[in-house]
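The values are calculated or read from the model by the stated rules, or taken from the named source; none is laboratory data. Since we're looking at a predicted model, the values are computed, not measured. Neighbour counts are summed over all protein chains in view; Cβ atoms, including those assigned to glycine, are modelled from backbone coordinates with ideal geometry. What goes into the accessible areas is simple: the full protein's heavy atoms, side chains included, and nothing from ligands, DNA or RNA. Shrake-Rupley method; radii C 1.70, N 1.55, O 1.52, S 1.80 Å.
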Amino acid sequence: MATTQAETGRTNQKKRTRTAIVEAARELIATGGEVTMPAVARAALVSEATAYRYFPDLPSLISVALAGAWPPPAEALAPVADSTEPVERVAFACEFLLRGILLRQGAVRAMIAATITRPETATARPGVRFGLIDFALLPLEDTLGVTAPEVLAQLKRDLAVVVGAEALFSLTDLCGLAPDDAVASAVHTATTLTEAALRTTVRG
């Protein structure tokens with residue numbers, strides 16, 4: 001009996017420690033600042049070694065901490081749900097994603113950095129952009145998706161390059177744009193790509 005109680009106590013303690021680490025990560029992410037394992041461990045009042053026992057790397061921790069942070073695509077794009085205009089929907093999806101990235105940019109930067117140096121951890125990245133792009137282009141599924149599916153598929157790939165953190169940080173870090181200007185630039189590119197795909201179909 002005593003052994004069972006001790007095991008239950010250890011199990012509960014492990015759950016509390018894991019929860020503390022995840023909550024500390026969420027609070028750190030919410031600041032928009034840099035997210036590192038040492039910083040999370042300090043905030044959770046555990047050692048860095050303890051944090052790594054629960055999460056083998058930073059991407060796995062950030063992935064858990066961000067779970068549920070992004071609404072599903074239908075909810076995110078609710079303001080343009082009645083629109084059948086792909087360009088309008090893409091513009092909204094792009095701005096929604098990039099604004100959300102700016103709010104969580106410390107975590108997003110950490111995730112990108114980790115997955116670049118360790119590509120095998122890339123599956124830990126949320127991939128929010130893909131759901132938003134697919135939902136934004138739903139009006140084209142029964143038109144372009146039927147008459148020119150390869151054009152629609154290429155458009156989705158093109159948008160995946162633009163509607164994302166890498167493009168946003170290139171505009172802010174390398175081009176020196178202010179966050180609002182960077183978002184506007186990315187939205188402009190995303191809508192231009194969408195308009196070009198639609199014009200190609202009309203000419204065809």
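Projecting label points 7 angstrom from Cα along Cα→Cβ for R10 and T36 puts them 3.3 nm apart.
Which value in deg cm²/dmol, rounded to the nearest 500, describes the helix-derived mean residue ellipticity at 222 nm for the chain, given -39,500 (n - 2.57) per DSSP H run of n ≥ 4 and division by the residue count?
-22000 deg cm²/dmol, from helical runs alone.
For semi-axes √(5λ) of the Cα gyration tensor in Å, the value calculated from this model appears in [x] 24, 21, 16; [y] 37, 18, 15; [z] 40, 19, 14 under label [z].
Solvent-accessible surface of the chain, taken per residue with a 1.4 Å probe and all protein chains present: 53 Å².
Here E27 and A160 are evaluated by their C-beta separation; at R0 = 25 Å the FRET efficiency comes out at 0.25.
Split the accessible area of the chain by element, probe 1.4 Å, and carbon with sulfur accounts for 59%. Diffusion of region 123-169 by Stokes-Einstein, at 4 °C in a medium of 1.567 mPa s and with Rh set to the Kirkwood radius over alpha-carbon pairs, works out to 114 µm²/s.
In terms of accessible area, using a 1.4 Å probe and ignoring ligands and nucleic acids, L137, L58, L174 rank largest first as L174, L58, L137.
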